[in-house]
Amino acid sequence: MRSASPRRRRPLQPLPARRGVFLLPSLLTVGNILCGFSSMVSAARGEFEHAAILLLLAALLDTLDGRVARLTRTTSAFGVQFDSLSDVVSFGVAPSFLVYWWGMEPLGRVGWAASFLFVTCGAMRLARFNIQSPAHDKRFFVGLPIPAAALVVAAIVFYRPERVVDRPLAYGVMALVLVLAALMVSRLRYWSFKSGQPAGGYRSFLTVALLAAVLALAAIEPALALLGLTLLYMVSGLTPRWRGQQGRRTMSWRDPAPTPGPGTPTGSPGGPRAGEL
């Protein structure tokens, strides 16, 4: 009996599905802008806690739009630029507007200038990110990311939503804003969470223990846990550089000997070891 040849199935065409899916990342970006704009409206009304929550929601949407675009293979140059411009609104203008009306209004023009500097440094940080080489180390960000700086502001306001009326405390808020602005345009490296292992080679059990402590604190005091996480990430940029300097200073004598060059004396084959210099 003659066996029938297997019938080839035509591959499924993903084009009809993608015609609707490609709009999803842009809709998430629009939601990001909406949250940033709504945060400014809430701050103008004196609803500072509500404004901080909207910034947190904007950060969540900003994380989702990029991931959705990569999962659906709908990334585009337009999407990258649209997302970058939305970050200027939601994580540059909105948090500076919030922190001024919440904590720096008693300082007048001085507080206004500090808020303006935050926006400017955030825009510069985004511009530098957009033009960096594709071959850069994707495990790290260069400079504090502008969403992280905005989250520091949102976490502080969410933890203490009462308006600041004392000038000494207002100067403290201004100092924090200036530090955030400087960190955004600095050359410090921050872990990007795009690799399976944290920067600096932390051991896995320490990471798990830290996550367990954060979850326990979040269950008891969510506002305090959020504040602690954002401040910890803000100062974490100093850690990789310090560890790198320590690693260069403590090279062991067990390091392999360098290859002898043309000028290496015959009495010391291979040259001195790294630990003997």
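No value in this document is a laboratory result; all are computed from the given coordinates. In this text the structure is predicted, and so the values were computed from the model without any measurement. No Cβ is skipped: glycine too gets one built from the backbone with ideal geometry, and neighbour counts run over all protein chains shown.
At-a-glance table
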read-out	value
Packing-based exposure ordering (other Cβ within 10 Å, fewest first) of 29, 75	75, 29
Residues 90, 96, 115 arranged by fewest to most Cβ contacts within 10 Å	115, 96, 90
Rounded to the nearest 20 debye, dipole of the stretch 101-177 from Cβ charges on Lys, Arg, Asp, Glu	180
Label point distance in nm, residue 185-residue 56, each placed 7 Å from Cα along Cα→Cβ	3.1
Extension gain, residue 85 back to residue 45 (0.36 nm per residue minus Cα-Cα distance, nm)	11.9 nm
Residues listed by number, the stretch 135-172, amide nitrogen under 13 Å from residue 105 label point at 7 Å toward C-beta	162-166
Fewest-first sequence of 141, 91, 116 by Cβ atoms within 10 Å of each Cβ	116, 141, 91
